[in-house]
Amino acid sequence: MTGFCLGGAMNIAAACTVPEIDAAAPFYGTPRDEFADFGRTKTPVQGHFGNKDPIVAVARVEALAERAKAAGRRFDVCLYDAGHALMRSSDPHAYDAPSAALAWFLRETLAG
């Protein structure tokens, strides 16, 4: 399952509550803490985030990953030298083609 921005946050929340989800690949979105209870399912998460994102701080992402790992969950953090919405090809100010290509390739390896 994949989601972007708010959809990325919802992606993580769903991965924490719906055991039938095989894998989650959120892009630059994080849920509030009450929606990130990593002890409820075993869904692996591969998160994609820009290290220049003014909306989603890297420290927030790393804290979520640590909480997931403390609960015995896999939460891979993929950081790119880009900002928020790095996948949005219709926005030349946000889109980062090299980061987007690598992120989509890595997402496909998770789904495979």
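No lab work stands behind these numbers, since they all come straight from the coordinates. Owing to the predicted nature of the structure, the values given are computational and were not obtained by experimental measurement. All Cβ positions, glycine included, derive from the backbone under ideal geometry; neighbour counts span all protein chains shown.
What the table shows:
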item	result
Region 37-62 residues that are over 28 Å from TYR95 (Cα atoms), paired with ones that are outside any loop (DSSP other than H, G, I, E, B) and of a type in the set (Gly, Ala, Ser) (beta carbon under 6 Å, 6 or more apart)	PHE38/ALA68; THR43/ALA15; THR43/ALA24
Near pairs, Cβ below 6 angstrom, 6+ apart or cross-chain, from region 1-25 (over 19 Å from ARG88 (Cβ atoms) and touching a residue at least 60 places away in the same chain (Cβ under 8 Å)) to any residue that is surrounded by fewer than 20 Cβ atoms within 10 Å (Cβ to Cβ) and of a type in the set (A, V, I, L, M, F, W, C)	ALA23/LEU110
Restricting region 18-54 to residues that are β-branched (Val, Ile, Thr) and surrounded by 14 or more Cβ atoms within 10 Å (Cβ to Cβ), the residue that is farthest from LEU102 (Cα to Cα)	THR41
Count of residues meeting criterion [hydrophobic (A, V, I, L, M, F, W, C) and more than 13 Å from GLY50 (Cα to Cα)] in region 65-112	11
Near pairs, Cβ below 7 angstrom, 6+ apart or cross-chain, from region 67-86 (touching a residue at least 24 places away in the same chain (Cβ under 8 Å)) to any residue that is in a helix (DSSP H, G or I) and not hydrophobic (A, V, I, L, M, F, W, C)	PHE75/LYS69; VAL77/GLU62; TYR80/SER99; ASP81/SER99; ALA82/SER99; LEU86/SER99
